Amino acid sequence: MTARGGNVQAPHEPATAGETGSVSSSVSWVRRLQDRDNTNRAIMGLLFFIAVVLTFYLVQSASPILIPITFSWLLSTLLYPVVQFAQRCKVPAVMTAGFVVALSVGGFVLLLLLVMGPAAQWISELPATLQQLRQQLYSVEGALSELREVTREVSELADLDDEEVEAIAVQIEETNVLRGFITENLVSVLSSMAIIVFLTFFLLASGNRMLRAMTRLGPSLAARRRIVCTVRRIRGGVAHYLATISVINVSLGVIVTLTMHVLGVPNPLLWGLVAGVLNFAPYIGPAVTLAILSLVGISSFDNLATASMVPLAFFVLTVLEGQLVTPMVVGRRLAMSPATVFISVVIWGWLWGVAGALMAVPIVASLKIIFANIPSLESLARPRE
């Protein structure tokens, strides 16, 4: 076909064999690069998974030594402002550390002596409490035939002449179990306590020696100043958070103690201590405390309505603390999502048991403060909208 101007428009010519070969080779080369990249990603993902599994295994297997070390670090960070204030007043760090550690150990021992007797008595009476709970549930659900049958069996057992002998036998068995548990774990508990006491003293008594040693890592004077400022911000932030959470949980324990005293619950100091300590493990700790106080109310009062006031009062207090007081006092900067808190408590509880569940949130919050003060890791600590 002839176009205007006499120019002839050539038809579209198919690509030659050489051009087709070059295009196909380019495509295959790109595909090989993509396959190699996918393979590298798969290898890196597998290596990361293996590293995580090995880390969990090492952390769990080394728990007898890592638990007291971690607790000592948290405790020394919490108490370090006292040593720092004493140093400003020209008091040696060694003297202040010894006084603070001795006062802490004395207070812990005194509190343990006050609650050990009531705790052992409540544990020994726990089977009778559970039986009383079972009977009350049977009376409420008496319309069901199976529960009525079990209720009749319980009443028939109650009419036996040797009821007191069986009750004494059960109490002796529970006492032996408790005593055996204490005996089996006495050595490990004492060794962990010794590590905590001495390591906390050494960390407090060292003062700024570790900080001065870390400044040697800086290649220049400006780098050393940045290290000092970063370490001080981290230590101050962690100490402030731990002090805030400790004051909140201690206040909750005191309020629970007073509430249990007003309600007429025996040994209110024990239940206040349980509520304050277990509150370090959000969600799981208060749930366990609620279950314990439900049993306490049932064993303390014959009326089910009065007994239900004990867990109900604690439920109101812990909701106010968790939804109002803690978010307002801690602030948005250190706020963590409920999913993060719950997962951290579950993971650390799985790794280290009860101690891990209690230290989970302080550990995660401390890591968040550390990340926030390191420029390369700051994005990990930034709150998500």
Filter result for the condition that a residue is touching a residue at least 12 places away in the same chain (Cβ under 8 Å) and over 18 Å from the mean Cα position of the chain (by Cα), over Pro311, Pro338:
Pro311
I want to confirm something. Restricting to the stretch 26-61 and keeping residues that are aromatic (Phe, Trp, Tyr) and within 30 Å of Ala355 (Cβ to Cβ), which single residue is modelled with the highest pLDDT?
Tyr57
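Of all residues in the stretch 318-333, how many are in contact (Cβ under 8 Å) with a residue 24 or more places away in the chain and open to solvent by less than 40 Å² (accessible area, probe 1.4 Å)?
Count: 5.
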Residues that are over 14 Å from Asn279 (Cα atoms) and of a type in the set (A, V, I, L, M), drawn from the stretch 344-367:
Val346, Ile347, Leu351, Ile363, Val364, Ala365, Leu367
So in the stretch 294-310, with the set limited to residues that are closer than 18 Å to Asn267 by Cβ and of a type in the set (A, V, I, L, M, F, W, C), which one is most open to solvent (accessible area, probe 1.4 Å)?
Met309
Are any of the residues in the stretch 46-68 surrounded by 11 or more Cβ atoms within 10 Å (Cβ to Cβ) and either among the charged types (D, E, K, R) or outside any helix (DSSP H, G or I) (or both)?
yes
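Looking at the stretch 268-285 only, could you name the residues that are under 11 Å from Gly322 (Cβ atoms) and out of contact with any Leu (no Cβ under 7 Å at 6 or more places or on another chain)? Give the derivation first.
Restricting attention to the stretch 268-285, the residues satisfying the condition of being under 11 Å from Gly322 (Cβ atoms) are 279, 282-283, 285.
Scanning the stretch 268-285 gives Pro282, Tyr283.
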Checked pairs for the stretch 108-123, first modelled with pLDDT under 85 and in a helix (DSSP H, G or I), second open to solvent by less than 100 Å² (accessible area, probe 1.4 Å) and of a type in the set (A, V, I, L, M), C-beta under 7 Å and 6 or more apart or across chains, list as Pro118/Leu270; Ala119/Leu270; Ala120/Leu178; Ile123/Leu178
Just a yes or no: is a residue in the stretch 193-208 modelled with pLDDT under 80 and open to solvent by less than 80 Å² (accessible area, probe 1.4 Å)?
yes
Filter the stretch 224-263 for residues that are hydroxyl-bearing (Ser, Thr, Tyr) and surrounded by fewer than 19 Cβ atoms within 10 Å (Cβ to Cβ); which is farthest from the chain's Cα centre (by Cα)?
Thr230
Filter the stretch 250-289 down to residues that are farther than 23 Å from Val345 by Cα and not in a helix (DSSP H, G or I), then give me how many there are.
4
Does the stretch 82-98 hold any residues that are surrounded by fewer than 16 Cβ atoms within 10 Å (Cβ to Cβ) and within 16 Å of Phe198 (Cβ to Cβ), and which are they?
Val94, Gly98
Of the conditions (1) surrounded by 21 or more Cβ atoms within 10 Å (Cβ to Cβ); (2) at pLDDT below 90, Tyr283 fails just one. Which one is it?
(1)
Report, ordered by the first and then the second residue, all pairs with beta carbons closer than 8 Å, sequence separation of six or more or different chains, a first member in the stretch 80-98 that is over 23 Å from Arg233 (Cβ atoms) and among the small types (Gly, Ala, Ser), and a second member that is buried (at least 17 other Cβ atoms within 10 Å of the Cβ) and modelled with pLDDT under 90.
Gly98/Ala205
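The values are calculated or read from the model by the stated rules, or taken from the named source; none is laboratory data. Worth saying up front: this structure is predicted, and the values here are computed from it rather than measured. When we count neighbours, we look across all protein chains shown, and the Cβ atoms used for this are built from the backbone with ideal geometry, even at glycine. In case anyone asks, the SASA skips ligands and DNA or RNA and just uses the protein heavy atoms, side chains included. Shrake-Rupley method; radii C 1.70, N 1.55, O 1.52, S 1.80 Å.
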